[in-house]
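What follows is one structure encoded as structure tokens, with my remarks underneath.
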Amino acid sequence: MKNQITALAIILFITAGIEGCRRSGFRTKDALITVDLTASYPEKELILQDFMDVEYIPLETNDEFVTQGDVLAIGSKYIIVKNRSNDGNIFIFDRNSGKALRKINRMGKGPEEYTRINEIVLDEDNSELFVNCASTKKIFVYDLSGRFKRSLKHTEGAQYLDIFNYDRDNLIRYDMSVYYKEGENRGNQSYHAIISKQDGSITRNISIPFDVIKAPVVQEGGAVVVTSVGSIIPHHDNWLLVETSSDTVYNYVPKENKLIPFLVKSPTTDPEIFLTMGTLTDRFYFMRTMKKVFDFTKGRGFPTNDLMYDRQEDAVFKPAVINGDYIKRKTVDMTSHPVNCEIAAFQIIEAYQLVEAYKNDELKGKLKDIAAKLSEGSNPVIMVMK
């Protein structure tokens, strides 16, 4: 099974049909949220600017800085971007102005080089970049000028998927090797862990309780397809931890080294429906479901559905978050890019889309002013939600 997945896996993020609406299947008990993923929920429309401070950062474009705008990290000083193609380029932009600062490329086959960029963690306190390379099972550490400092090996048998900056000395990561063990008993293995920034050793295992492994993997004959489910979500000073084999999302409290149940999904089978969390505000918890189905004849599957828990109304809805800087109805993705307690989320807006919207007089406010200065070949604009 492991070799089949390694050879044939295709990472897919596909949005498919959303079910109709009726309010049902929701309850809370002792502040623990329970969601019935087989139920349908009414739509609730929100204006983004009513509950978020919105900032637009146009990334500077010049001959050396032309990027497809795959944003991997946003800090207080810098924005880290790569291309979607595997060219090895890492672009560093100023967080406030979007000014192009420097471009790094350490791609290669040497001991100080990565062969692919899967993730980048920005550590502004230590002025370091942690580049996760799944193919070599290493994290390469560079300073912000691209000078190599050290490399951290993935722990034996592990394959890192989600990595975040945990504190000054550690990272928090998820081991996706569990995906290769569909249907097996878990044993004593922990897949969430805190690891040292200096040598990659495990500082602390975080053990989420479950028995049988349920993975986002579909197999038909010799063909295998796997997708990923967000497993680590920043939540103020804590972390929401998701394990596809568990029906419970846990809130991990670092100061107490304690797991507290945060949300429970109703058990599902045939097909299994997974749940992950997105942007979290004081009132709204955005989340996404994913069905474990795949049509091999069409090459499509893992249909998703976005939900939102409203703490004030104590109810679940299907959200439609509208960007108020568009004259025509334009929805915002509140699930894909949660960041931290200072920046709730971000979204990438392609320049050509803004240029077209500007020509059609579909924009207003600061976004209209920014779009007026863009060309179709400009770098993207990053919408930061705080």
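Filter segment 364-381 for residues that are under 15 Å from Leu48 (Cα atoms) and surrounded by 13 or more Cβ atoms within 10 Å (Cβ to Cβ); which is modelled with the highest pLDDT?
Leu367
Would you check if Val66 is touching a helix residue (DSSP H, G or I) at 6+ places or on another chain (Cβ under 8 Å), within 16 Å of Ile382 (Cα to Cα) and touching a residue at least 40 places away in the same chain (Cβ under 8 Å)?
In short, no.
Give me the pairs: first residue in segment 337-366 and over 17 Å from Gly98 (Cβ atoms), second residue of a type outside the set (Ser, Thr, Tyr) and assigned to a helix (DSSP H, G or I), beta-carbon distance under 6 Å, and six or more apart or on different chains, which are they?
Filtered contacts from segment 337-366: Tyr358/Ala371; Leu363/Ala357; Leu363/Ala371.
Could you tell me whether Glu112 is part of a loop (DSSP other than H, G, I, E, B) and touching a Gly at 6+ places or on another chain (Cβ under 9 Å)?
No; evaluated as a whole, the condition is false for this residue.
Kindly evaluate Thr335 against the criterion of being of a type in the set (S, T, N, Q) and either under 27 Å from Lys77 (Cα atoms) or in a loop (DSSP other than H, G, I, E, B) (or both).
yes
Taking Lys77 as meeting all but one of (1) modelled with pLDDT of 95 or more; (2) surrounded by fewer than 16 Cβ atoms within 10 Å (Cβ to Cβ); (3) more than 30 Å from Tyr166 (Cβ to Cβ), write down the number of the exception.
For Lys77, the exception is condition (3).
Are there strands (runs of 3 or more DSSP E) fully within segment 159-216 with at least 2 residues that are within 25 Å of Ser336 (Cα to Cα)? List them.
Ranges flagged: 160-165, 170-175, 192-196.
Kindly provide the set of residues from segment 144-158 that are assigned to a strand (DSSP E or B) and either without any contact (Cβ under 8 Å) to a residue 24 or more places away in the chain or over 23 Å from the mean Cα position of the chain (by Cα) (or both), ordered by number.
Once the filter is applied, which keeps residues that are assigned to a strand (DSSP E or B) and either without any contact (Cβ under 8 Å) to a residue 24 or more places away in the chain or over 23 Å from the mean Cα position of the chain (by Cα) (or both), segment 144-158 yields Phe148, Lys149, Arg150, Ser151.
Let's see how each residue does on (1) touching a strand residue (DSSP E or B) at 6+ places or on another chain (Cβ under 7 Å); (2) within 24 Å of Ile33 (Cβ to Cβ); (3) modelled with pLDDT of 95 or more:
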residue: Ile208; (1), (2), (3): yes, yes, yes
residue: Gln219; (1), (2), (3): no, no, no
residue: Gly222; (1), (2), (3): no, no, no
residue: Val226; (1), (2), (3): yes, no, no
residue: Ile232; (1), (2), (3): yes, yes, yes
residue: His235; (1), (2), (3): yes, yes, no
residue: Leu240; (1), (2), (3): yes, yes, yes
residue: Ser246; (1), (2), (3): no, yes, yes
residue: Val253; (1), (2), (3): yes, yes, yes
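Looking only at residues that are closer than 22 Å to Phe302 by Cβ and out of contact with any Leu (no Cβ under 8 Å at 6 or more places or on another chain) in segment 230-269, which one is surrounded by the fewest Cβ atoms within 10 Å (Cβ to Cβ)?
Looking at residues that are closer than 22 Å to Phe302 by Cβ and out of contact with any Leu (no Cβ under 8 Å at 6 or more places or on another chain), I get Thr269.
Can you pull out every residue in segment 71-96 that is in contact (Cβ under 8 Å) with a residue 40 or more places away in the chain and out of contact with any Pro (no Cβ under 9 Å at 6 or more places or on another chain)?
Leu72, Ala73, Ile74, Gly75, Ser76, Lys77, Tyr78, Ile79, Ile80, Ile90, Ile92
Identify all residues within segment 40-59 that are farther than 22 Å from Val339 by Cα, assigned to a loop (DSSP other than H, G, I, E, B) and at pLDDT 95 or above; write none if there are none.
If the condition is that a residue be farther than 22 Å from Val339 by Cα, assigned to a loop (DSSP other than H, G, I, E, B) and at pLDDT 95 or above, then Tyr41, Pro42 are the ones that fit.
Which of the residues that make up segment 339-369 are among the hydrophobic types (A, V, I, L, M, F, W, C), more than 15 Å from Gly324 (Cβ to Cβ) and out of contact with any helix residue (DSSP H, G or I) (no Cβ under 7 Å at 6 or more places or on another chain)?
Listed by number, the residues that qualify are Val339, Cys341, Ile343, Ala344, Ala345, Phe346, Ile348, Ala351.
How many of the residues making up segment 113-146 are over 19 Å from Asp94 (Cα atoms) and loosely packed, with under 14 Cβ neighbours inside 10 Å?
Looking only at that region, the number is 2.
Against the definition (buried (at least 18 other Cβ atoms within 10 Å of the Cβ), touching a residue at least 12 places away in the same chain (Cβ under 8 Å), part of a strand (DSSP E or B) and not aromatic (Phe, Trp, Tyr)), how does Val225 come out, yes or no?
So Val225 fits the description; yes.
Select from segment 242-295 the residues that are hydroxyl-bearing (Ser, Thr, Tyr) and in a strand (DSSP E or B) and list them in ascending order.
Thr248, Tyr250, Tyr252, Thr276, Thr279, Tyr285, Thr289 - these are the residues of segment 242-295 that are hydroxyl-bearing (Ser, Thr, Tyr) and in a strand (DSSP E or B).
What is the one condition in (1) crowded, with 16+ Cβ neighbours inside 10 Å; (2) within 29 Å of Leu46 (Cβ to Cβ) that Arg311 does not satisfy?
Condition not satisfied by Arg311: (1).
Looking for whichever is free of Cβ contacts under 8 Å to residues at least 12 places away in the same chain and farther than 24 Å from Val121 by Cβ here; the options are Ile273, Ile260, Ile213. Which one fits?
Checking each option against the conditions leaves just Ile260.
Residues checked against (1) under 24 Å from Thr38 (Cα atoms); (2) modelled with pLDDT under 95; (3) buried (at least 20 other Cβ atoms within 10 Å of the Cβ):
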position	(1), (2), (3)
Phe317	yes, no, yes
Ile322	no, no, no
Ile327	no, no, no
Asn340	no, yes, no
Leu354	no, no, yes
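The values are calculated or read from the model by the stated rules, or taken from the named source; none is laboratory data. Just so it is clear, the structure is predicted and the values come from calculations on it, not from any experiment. No Cβ is skipped: glycine too gets one built from the backbone with ideal geometry, and neighbour counts run over all protein chains shown.
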